[in-house]
Amino acid sequence: MQRSADALPSPVHTILGGCAPDGSLVTTEIAAAIEKLGSHATPRAALLDTAIAAVGAERGFVLDRNGEEWVVRAARTFEGEDVLHPLEKVILPVVERAEQRREAFATTNLTAEEIWPSLERQRTTRTCSLQVHPLPDGAGYLYLDHRFRALEAPSEPAILAAVIGLLSWLSVREDHKVTVERLQDELRRARADSRGRLEPATRSAASGEDADSVEAPIIGEHSEILEVQALINRVAPSDAPVLVTGESGTGKELVARSIHARSLRCSNAFISENCGAITETLLESELFGCVKGAYTGADEDRPGLFELASGGTIFLDEIGDTSPGLQKKLLRVLQEGMVRRVGGANLIPVDVRVLSATNRDLYQEVQSGNFREDLFYRLNVINIQLPPLRDRREDIPMLAEHFLAIQNERSGQPKETSPEWIEALLTHHWPGNIRELQNEVRRSHALSGNVLDPAHLSSRVGGGAPEVVAPFSLDTVLEAGSLKAATEDFEKSIIESALKRYRGNRAKVCETLGIPKTTLYAKIRRYALE
C-alpha cells in the first residue's frame, strides 16, 4: 500500500462532499471528531473513538497488510483505552473475506453467518456482531465489534463515512501536526461553504415545509406532556428566552423547534448548535463568526450562527457544557444584542430569540460555581421540564405506533405491532428515553416480518437473557469456549436480570448483589447494559 501524499485530494471537501455535495453533512459531530485530532497523540485512535461511539461498538481496530502479515495500526476500547494484543482479538478470516470480495462485511449475529462453521472449528475469539469496512485506495480496514450485543445503526451515517475517509487520508501522513492543521483548515472552509447554504434550507424547515424535522407532534397524553404542550402554545408568540431541561433523549430539540414553528419568527431561520460537541475555540468562531486572519485558515470574514439566525431563533443545546469564558460572551450577546467576531473590533447587531437546553441541573451547577448565575437567569426566563419516558409509560404504545408509522412510510413495508411486543416495551426502564424507543422501533422494523416480534428487540429491552439463569457447569464452559467467556456470560446475565427486576434501581441492585456502585457502573459499561 503505497500512495503519494501529494496526490491526495482535499480531505474534508472530498470526503464529506462525496457524502453530500451541498456540504450539509459537515455536522458538529464530524467537526468534533476532527477537532479531537489536534489534542490526541495518535489521530487514528481519535477517529476510532468516534467510530466506536457512532455504532455502539465495544472495540475498534485499524489494520492493513505489511507484505503477508497483518498489522494493527490502532486498537481502542469503548472506554478510550488501547487494546492489548490486538491481533488476538480480530477475526482475521472475516477481514480476509472482505479483502477477497472487495466489499464491506457486517453482521449482528456472527453465529448465523455462512462463515461461522469454519470459524467455530478454528476456535476464534468470541464475538456477537462486527463490521469490517475497507478503507479507500487500499489503505486497510476499519474493524468494529461487540462481544455481547448487536452493533447499532449510526444516528448520523455521515460520521462513519467521514471516519473511513479520514483514516484513509491519514494512512500516508507521518507528520501528524501538519496533517491535523490541514484537516482543521479544510474543516473551517467546508463549514463556511455549507453555512452559506444553511439559511435558505433552515428557513424552509422552519416555515413548516419539512414536517419531519419541525412539525413532528409532541406525542402523549400524560399530564406533564399536556402541560408542556399548553406551555409551548402560551410562550411561543413571545420573544422570551426558554430553557428546556430533561434527560438526554427526552425531546428537548423538538420542543425548541415547536416553539419556533409557532412563533412570529417562524418564517425566518431556526439554527441549532450542540455546545457540548465541539471545542471552545471552534464553538466561539461558530457562534460569533471570525474576521480574516483571526487564526490559521481564516482567509476571509465569516458570519457566525448568531448573525445567520438574526430575525429568527437560535437553539443552544447542552448549554451546561459551555466554559466560563464562553458563558461570559454569551451573556454579553443577550444583554447587548450585539456580537463581536473572533479577531474583530466592530460590534454587529443581531435580533435573535435564544432557546437553550441541558440535561444538567443548572441551578446546582450555579451553586457549585460551574455556571454563571447571571447567565442562568437570562436563559431561564421560562423553564420547560420534560419528564423521562419511564415516568409516562402510558404514552409508550402511542409513541411506538407513531415511530412505526414513520418507518412503514419510509420503507414501503407496512408492519404491525403485537401485544407481546408492546408488553416488552412497557417493562423496560428506558434510560435512553424517546431516542432509545425510536431506535428499538427501527431495529424491530428491520428484523421482523409483518408483525413486530419481541425477540427482535435488543437484549437490554426484551430479547435478551431470561430472568432465570441456567446453572453454571462444565457444559456451560464448553459451550462458551472458555472459562472466562462463560464467567462473563453468567455475570452479565445476573446483572441484567437484577436491573430488570428492580426496574433500573441501581442502589437496590448493589444491595442485592453485594457490590459497590463503582463496580456495578463499570460492569454496566463493560456489558453495554445502559
Response to the item:
Karplus-derived 3J(HN,Hα) from phi for region 255-260 (6.51 cos²θ - 1.76 cosθ + 1.60, θ = phi - 60°), whole Hz, x at Gly and Pro, runs 4, 4, 5, 5, 4, 4
Practice prompt. Amide H neighbours of ARG149 under 5 Å, at least 5 residues apart or on other chains, H built in the peptide plane: list them.
Written response: CYS128, SER129
Worksheet item: Long-range amide H contacts for VAL342: which residues qualify at under 5 Å (H placed 1.01 Å from N, peptide plane, sequence gap of 5 or more or a different chain)?
Response: GLY289, CYS290, VAL291
Fill in: Positive dipole terminus of region 197-387, leading residue within LEU347, PRO324, HIS222 (C-beta point charges)
LEU347
Practice prompt. Give the peptides 411-424, 331-344, 489-502 in descending order of average Cβ contacts within 10 Å, highest first.
Written response: 489-502, 331-344, 411-424
Discussion item. I want to check the label-to-label distance for TYR502 and GLU68. Put each point 7 Å from Cα in the C-beta direction and report it in nm to one decimal.
Written reply: 5.6
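Between rounded, prolate and oblate, where does region 197-387 land on the alpha carbon gyration tensor, with a ≥ b ≥ c its root eigenvalues, rounded for a/c under 1.5, else prolate if a/b exceeds b/c?
Working: a/c = 1.98, a/b = 1.33, b/c = 1.48.
In terms of gyration-tensor shape, oblate.
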Worksheet item: Going highest first, how would you order 106-119, 81-94 by mean Cβ packing within 10 Å?
Response: 81-94, 106-119
Worksheet, complete the sentence: In whole Hz, the Karplus estimates of ³J(HN,Hα) for region 271-277 (6.51, -1.76, 1.60; θ = phi - 60°; x where Gly or Pro) are 10, 10, 9, 8, 6, x, 8
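To the nearest 20 Debye, how big is the dipole of region 243-368 about its Cα centre, given +1 on the beta carbon of each Lys and Arg and -1 on that of each Asp and Glu?
Dipole magnitude for region 243-368 comes out near 400 debye.
Give, as a single signed number, the net charge of other residues whose beta carbon lies under 12 Å from the beta carbon of ARG393, with Lys and Arg counted +1 and Asp and Glu -1.
Working: positive: ARG390, ARG392, ARG503; negative: GLU221, ASP391, GLU394, ASP395, GLU423.
Here the count lands on -2.
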Worksheet entry | Nonlocal amide H pairs with SER418, under 5 Å, H built at 1.01 Å | LEU452
Practice prompt. Return ARG126, ARG76 ranked ascending by Cβ neighbour count within 10 Å, so the fewest neighbours appear first.
Written response: ARG126, ARG76
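Bear in mind that the values in this text are calculations on the coordinates, not laboratory data. Given the structure is predicted, the values throughout are model-derived calculations rather than measurements. For neighbour counting, all protein chains shown are included, and Cβ atoms are generated from backbone atoms with ideal geometry for every residue, glycine included.
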